[in-house]
1. I need the phi-derived Karplus couplings for segment 43-51: 6.51 cos²θ - 1.76 cosθ + 1.60, θ = phi - 60°, integer Hz, Gly and Pro marked x.
2. Let me have the 222 nm mean residue ellipticity of the chain computed from DSSP H runs of 4+ only, each contributing -39500 (n - 2.57), with the sum over all residues rounded to the nearest 500.
3. Please check which bits of segment 20-42 a label hung off residue 4 would reach, taking the label as a point 7 Å along Cα-to-C-beta and the cut-off as backbone N under 17 Å.
4. Have a look at the DSSP beta bridges in the chain and tell me what percent are antiparallel, nearest 5.
5. Rounding to the nearest 20 debye, state how big the charge dipole of the chain is about its Cα centre with +1 on each Lys and Arg Cβ and -1 on each Asp and Glu Cβ.
6. Taking the number of other C-beta atoms within 10 Å as the exposure measure, put 77, 113, 223 in order starting with the fewest.
7. Which far-off residues, 5 or more places away or on another chain, put their amide H under 5 Å from the one on residue 63, with H placed in the peptide plane?
8. By count of other Cβ within 10 Å, fewest leading, how are 22, 160, 139 ordered?
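Laboratory data are not the source of any read-out in this text; all were calculated from the coordinates shown. This is a predicted model, so every value here is computed, not measured. Here the Cβ positions follow ideal geometry from the backbone for every residue, glycine too, while neighbour counts run over all protein chains shown.
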Amino acid sequence: MNLQDRFLMAGVMGWPVMHSRSPLLHNHWFAQEKLKGVYVPLAVHPDHLEGALRGLFPLGFSGCNLTIPHKQNAMRIVDEVDAVAQKMGAISCVAVKEDGRLVGTNNDAAGFIRNVKEFKPTWQAASGPIVVIGAGGGSRAVCQGLIQEGAQEIRLVNRSFERAQTVMADLGLPIQAHPWSDRADLMAGASMVVNTTSQGMVGQTALDIQLDLLPTDALVTDIVYTPLETPFLAQARLRGNDTLNGLGMLLHQGPLGWQAWFGMEPKVTPELRALIEKSLT
């Protein structure tokens, strides 16, 4: 496909969706690559999701990203779901094929891992125990990414122990579920900690967790990026840990979507990161 021969279209479906930074991200790439195209926010009520997805092909869209609350419901609508998304139980990206088929995948895990590797190129998932906080969709993506990277021990802790056990059962070893009361003790000897909950996000209460037993050389990460530094990350930084917010996870999913839609991967540059960070302040 010659990308210069057509007007390219993609978007993000959510409800609500106008807060999304994805349009700013993808439209930056259209300008950077000197392509005629647009990436738009698509506010789609859950009752209209099937009609919206089926409308992508006749409208000429190459695909879309999916955000809350559509990631799970879209799985029953698309024509094909790849193995990665099947494992995670949700799709974050839909590609429209030339015959109109809708193919769903999930780029959340890869986005998380690419972000970590950009920040710490020498990072190895197998270098020590990893604590993952939360057992929702973000947790499944992070755990799947860590497993694919060779993690040997994932200590999964969640307020609902039953939900943590479900993730452990679905994704398998090396995940071990732990009750919320053990959260502080799980920090001992950890090489990395990941918050996958919404705690600490703008409008949410801070994550209730102590890091006293965490080694100061452990990497502390959060998939939240509003604010860029959550109270959890601030707590870790002040005690000497390297910290990483969730903005890069969003940025690094983007090229994977472009590969599925347009057959190319634009670059995540420092200029792009600065552009998105400025929009968040």
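1. Residue by residue, segment 43-51 yields 7, 10, 5, x, 5, 10, 4, 4, x Hz.
2. Taken over the chain, the calculation gives -10500 deg cm²/dmol.
3. Answer for this model: 30-37.
4. About 20 percent, rounded to the nearest 5.
5. Values: 23 positive and 26 negative charges, 84 e Å.
So the dipole magnitude of the chain works out to roughly 400 debye.
6. Values: 77 17, 113 21, 223 27.
Listing 77, 113, 223 from fewest to most nearby Cβ atoms yields 77, 113, 223.
7. Residues meeting the amide H criterion: 11, 96.
8. Numbers: 22 23, 160 11, 139 27.
Least to most surrounded, the residues fall as 160, 22, 139.
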